[in-house]
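Read through the structure below, which is laid out as structure tokens, and then see the notes.
Laboratory data are not the source of any read-out in this text; all were calculated from the coordinates shown. Only a predicted model underlies this, so the values are computations on that prediction, with no experimental measurement involved. Because the Cβ atoms are built from the backbone with ideal geometry, glycine has one as well, and the counts that use them run over all protein chains shown.
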Amino acid sequence: MDYIFPPIARPSVPVRGQTRSFAVRRIFCVGRNYNDHVKEMGGDPARSTPFYFCKPADALVPDGATIPYPMLTQDLHHEIELVIAIGAPGRQTSAADAERLIYGYAVGIDLTRRDLQAAARAQGQPWDFAKGFDDSAPCGQISRLADTGLINEGRIWLSVNGAIRQDANLRDLIWKAPELLSNLSHGVALQPGDLVYTGTPAGVGALVPGDRVTGGIDGLGEIGVTIGEALR
Ligand code: MN
């Protein structure tokens, strides 16, 4: 194929202990998947159901990167999340069968322009610009399911400059991996290379230039990124 300009390199995520990387196709994200985060955002868990939004695959940021403070926001927030890496096709997959879709897991951060999200919510507008901006998807190394086994519980945490901001347990996910992947696969045909950011627990908060952000999940290691000055 001859292109007008050179296509970008395929976004990818390194895999722990492997020389080959995980080529990323799409990034799906889940909103409102922990009750305590629904509450801190002013919602009522009893009247709330998790839902989806997307980020572009080229919004991925590797462990160790410095991320320029994004354009258009005065309120950049961190959201620590378990990321599921999809390794097999899944269309209308049952929860009982969904484990076979999982290639592995990673620690991710769903960076959010909270002020734009609040404005979009108030006006019934889409979240794309609040969620799917440049460098909005830090993702650490993928650990293979073959190495970790199924991960259904464990501590998930995030610190800023060494101070803990988010500290929860994966067992508090409303939609856990099997039902989440089954539900999602009834809306889109999941494909190898898809990433699913599974939602954030309570404790989200603002980041400013110079902040050192570290997050971790039991058994999956850590991710660290630094927020840099805004590009001019
Ligand atoms: Mn999120």
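Some values worked out for this structure:
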{"read-out": "Difference of contour (0.36 nm per residue) and Cα-Cα distance, R10 to Q191", "value": "63.6 nm"}
{"read-out": "Full-extension gain in nm, A146 to L72, via 0.36 nm per residue minus C-alpha separation", "value": "22.5 nm"}
{"read-out": "Normalised contact order of segment 1-157, rounded percent, pairs of Cα under 8 Å and 6 or more residues apart", "value": "26"}
{"read-out": "Net lengthening on full extension, A206/Q125 (0.36 nm per residue, minus Cα-Cα)", "value": "26.9 nm"}
{"read-out": "Förster radius 45 Å - calculated FRET efficiency between D58 and S94 (Cβ-Cβ, nearest 0.05)", "value": "0.90"}
{"read-out": "Neighbourhood charge, 12 Å Cβ-Cβ cut-off, centred on D128 and excluding it, Lys, Arg +1 and Asp, Glu -1", "value": "+3"}
{"read-out": "Segment 12-228: translational diffusion in µm²/s, Stokes-Einstein, Kirkwood Rh over Cα pairs, 20 °C, 1.002 mPa s", "value": "125"}
{"read-out": "If the convex hull is drawn through the Cα atoms of segment 92-199, its volume per residue in Å³", "value": "143"}
{"read-out": "Label-point separation, N161 to R232 (7 Å along Cα→Cβ), nm", "value": "2.3"}
{"read-out": "Set of aspartates and glutamates near K176 by C-alpha distance (under 12 Å), chain-local residues within fewer than 8 positions excluded", "value": "E99, E153"}
{"read-out": "Span from the segment 62-107 Cα centroid across to the segment 160-215 one, whole angstrom", "value": "7"}
{"read-out": "Segment 99-175: relative contact order as a whole-number percent, Cα under 8 Å and 6+ apart", "value": "29"}
{"read-out": "Neighbour-count ranking [beta-carbon atoms within 10 angstrom, fewest first] of R171, R212, R47, R32", "value": "R47, R171, R212, R32"}
{"read-out": "Summed residue charge, Cβ within 10 Å of V24's Cβ, Lys/Arg positive, Asp/Glu negative", "value": "+1"}
{"read-out": "For I109, net neighbour charge (Lys/Arg +1, Asp/Glu -1) across residues whose Cβ lies under 13 Å away", "value": "-3"}
